[in-house]
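Report on the following structure.
FYI, it's all coordinate maths here, none of it is from the lab. Please read these numbers as outputs of a predicted model, since none were measured by experiment. A quick note on method: Cβ atoms are made from the backbone with ideal geometry, for glycine too, and the neighbour counts reach across all protein chains shown.
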Amino acid sequence: MPSIDDRLAELGVTLPDAPAPAANYVPFVTVGSLVHISGQISQNEHGLIKGRLGEDLAVEQGAEAAKRCAISLLAQLKKACGGDFSRLVRAVKLTGFVNSTPDFTDQPKVINGASDFLVAALGEAGRHARSAVSAASLPLGVAVEIEAIFEIR
């Protein structure tokens, strides 16, 4: 079975350095075997992915923004595991926030971008419980923010 690093390479994904917190909080907290990762905002190598679903972003663009959040979540997870993904047991829960208009109702389709990526990268260990909710706005005007809980050894 390929390692997570091998799967990421097959997917053409290089994890960035784990983003530093933007305020007075820590990027993750480990309690027992659970790693709680602070919300990761949508960004890529070009900067922040901003916009509002139902206004200036399509579902597909939102799903890509959610995937980028998941990539940052994995960067934080790898750091929490001391660089050793073999410590991962499973993804437990994602909570996804979608910057969207009041009449936009496809938040689950947007957060699917993160869920689908985690299953592709982690296999069965990537399957998780999830919430996908609308937000009137998100920090810095980003399109998506996702927080997660993972179980590790």
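Using the alpha carbons of region 1-85, what is the convex hull volume per residue in cubic angstrom, as a whole number?
It is 129 Å³ per residue.
Helix 107-122 and the longest principal axis of the Cα set of the chain meet at an angle near 20°. For region 20-143, the direction-averaged projected area of the alpha-carbon convex hull comes to 7.7 nm².
Annotation note: trypsin sites (Lys or Arg not before Pro) in region 53-142 located in DSSP loop regions with a Cβ neighbour count of at most 14 within 10 Å are Arg127. Exposed loop positions in the chain were taken to be GluC sites (Glu not before Pro) whose DSSP state is not H, G, I, E or B and which have at most 14 other beta-carbon atoms within 10 angstrom. Between these positions, the longest stretch is 56-153. Note on the chain: with charges restricted to the Cβ of Lys and Arg (+1) and Asp and Glu (-1), its dipole about the Cα centre is near 440 debye.
Looking at region 1-99, the chymotrypsin sites (Phe, Trp or Tyr not before Pro) that sit in a DSSP loop and have at most 11 other Cβ atoms within 10 Å of their own Cβ are Tyr25.
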